[in-house]
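*Asks:* Take a look at the following structure, please.
The values are calculated or read from the model by the stated rules, or taken from the named source; none is laboratory data. Given the structure is predicted, the values throughout are model-derived calculations rather than measurements. Cβ placement follows ideal geometry from the backbone for every residue including glycine, while neighbour counts extend to all protein chains displayed. The area values use the complete protein model at the heavy-atom level, side chains included, leaving out ligands, DNA and RNA. Shrake-Rupley method; radii C 1.70, N 1.55, O 1.52, S 1.80 Å.
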Amino acid sequence: MGGIGLNTIFNRRSIRRFSNRKVEAEKIEKMLRAAMQAPSAGNQQPWEFIVIQDRDKLERLSKFSPYASMTRNASVAFVFLANTEKLNYPENWEQDMGAATQNLLLEAVDLSLGAVWLGVAPVIERIMTIKQIFNLPENIKPYSVVPVGYPAEGAENRFIDRFDKDRIHYENY
C-alpha cells in the first residue's frame, strides 16, 4: 500500500476543472479502499458508494446542487451513502462519512487526481434529489458527492499555507 504524507495533505485543494482524461479503474478502487479505511464510531462503517462514470448520469448529478456543475466534466463521481441499518451510534454517522470523504480526497491527490467535496447532508432538498436520482431505499442516507478527474491545466493541487497561529489556544480559550 502507498502512503499519504504531509505533502499530500498540504497540497490538497478543491479541484473544479478537469481534463478529458479518463480515471483508471485501479485508481477508482484505490480511492474506494482509502475511503473504507476511515475511522468510524464503534467501527460501525456505515458507508456505501455509488460510482458514476456514465456521462448522462454525471450531467444529471451536476444539477443536485447549485454548486455541483463541475460534476458534468468529471471522469468519475462518488456518491457517499450511509446505511442506517448499520448505525450502532446514529449520532456519529456524519462524522464517519466525513472521515471517509476526506480519505478519498487525500488518496485522489496521492494518485495525481483532482477532486472536490460537494455537501449533500444535512440539506433536505439535496438529500431528496439524490434519493430520487438513484431511487434509494429509506435506510440509505446520502452524505456527499465527490467528482474526480485529472486536473485541467492550471487547476492542479498545490500548497497554499493556511496556518494561522492566532487560531490556536493552549489550556484555555
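*Asks:* Considering (1) in contact with a strand residue (DSSP E or B) (Cβ under 7 Å, 6 or more places away or on another chain); (2) more than 25 Å from Phe10 (Cα to Cα); (3) assigned to a helix (DSSP H, G or I), say which one Glu125 fails and leave the rest.
*Replies:* (1)
*Asks:* So the check is Cβ under 7 Å with 6+ separation or different chains; which pairs have a first residue in region 1-30 that's in contact (Cβ under 8 Å) with a residue 12 or more places away in the chain and a second one that's assigned to a helix (DSSP H, G or I) and open to solvent by 50 Å² or more (accessible area, probe 1.4 Å)?
*Replies:* Partner pairs satisfying both residue conditions: Gly2/Asp110; Ile4/Asp110; Thr8/Asp110; Phe18/Asn73.
*Asks:* Here's another thing I want to ask about it. Quick one: which of Ala108, Ala82 is part of a strand (DSSP E or B) and aliphatic (A, V, I, L, M)? Let's see the steps before the verdict.
*Replies:* Values: Ala108 fails: part of a strand (DSSP E or B).
Going through Ala108, Ala82 in turn, the sole match is Ala82.
*Asks:* Right, here's the next one. Filter region 10-28 down to residues that are farther than 13 Å from Gly114 by Cα and either open to solvent by less than 90 Å² (accessible area, probe 1.4 Å) or among the small types (Gly, Ala, Ser) (or both), then give me how many there are.
*Replies:* The number of residues fulfilling the criteria is 2.
*Asks:* Looking only at region 31-56, which residues are touching a residue at least 24 places away in the same chain (Cβ under 8 Å), under 17 Å from Asn135 (Cα atoms) and either of a type outside the set (Phe, Trp, Tyr) or part of a loop (DSSP other than H, G, I, E, B) (or both)?
*Replies:* If the condition is that a residue be touching a residue at least 24 places away in the same chain (Cβ under 8 Å), under 17 Å from Asn135 (Cα atoms) and either of a type outside the set (Phe, Trp, Tyr) or part of a loop (DSSP other than H, G, I, E, B) (or both), then Glu48, Ile50, Val51, Ile52 are the ones that fit.
Residues checked against (1) within 18 Å of Ala38 (Cα to Cα); (2) among the hydroxyl-bearing types (Ser, Thr, Tyr):
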site: Asp96; (1), (2): yes, no
site: Ile130; (1), (2): no, no
site: Phe134; (1), (2): no, no
site: Pro137; (1), (2): no, no
site: Tyr143; (1), (2): yes, yes
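Matching residues to (1) within 18 Å of Arg16 (Cβ to Cβ); (2) aliphatic (A, V, I, L, M); (3) touching a helix residue (DSSP H, G or I) at 6+ places or on another chain (Cβ under 8 Å):
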position	(1), (2), (3)
Val79	yes, yes, yes
Gln95	no, no, yes
Ser112	yes, no, no
Lys131	no, no, no
Tyr143	no, no, yes
Pro147	yes, no, yes
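*Asks:* Still on this structure, please answer the following. In the list Pro66, Pro122, which residue meets the criterion of being within 27 Å of Ala152 (Cα to Cα) and surrounded by fewer than 18 Cβ atoms within 10 Å (Cβ to Cβ)?
*Replies:* Working: Pro122 fails: within 27 Å of Ala152 (Cα to Cα).
So the residue among Pro66, Pro122 that is within 27 Å of Ala152 (Cα to Cα) and surrounded by fewer than 18 Cβ atoms within 10 Å (Cβ to Cβ) is Pro66.
*Asks:* Now for a different question. Please work out which residue is nearest to Phe10 (Cα to Cα), limiting yourself to region 128-166 and to residues that are at pLDDT 95 or above, open to solvent by 80 Å² or more (accessible area, probe 1.4 Å) and not in a loop (DSSP other than H, G, I, E, B).
*Replies:* Here the residue is Met128.
*Asks:* Still on this structure: State whether one or more residues within region 84-91 are hydrophobic (A, V, I, L, M, F, W, C) and under 19 Å from Val51 (Cβ atoms). Let's see the steps before the verdict.
*Replies:* Step one: of region 84-91, the residues hydrophobic (A, V, I, L, M, F, W, C) are 87.
Retained after the next criterion (residues that are under 19 Å from Val51 (Cβ atoms)): none.
Within region 84-91, not a single residue is hydrophobic (A, V, I, L, M, F, W, C) and under 19 Å from Val51 (Cβ atoms).
*Asks:* Pick from Met36, Met31: which is surrounded by fewer than 17 Cβ atoms within 10 Å (Cβ to Cβ), of a type in the set (A, V, I, L, M) and in contact with a Phe, Trp or Tyr (Cβ under 8 Å, 6 or more places away or on another chain)?
*Replies:* On the way: Met31 fails: surrounded by fewer than 17 Cβ atoms within 10 Å (Cβ to Cβ).
Of the residues listed, the single one that is surrounded by fewer than 17 Cβ atoms within 10 Å (Cβ to Cβ), of a type in the set (A, V, I, L, M) and in contact with a Phe, Trp or Tyr (Cβ under 8 Å, 6 or more places away or on another chain) is Met36.
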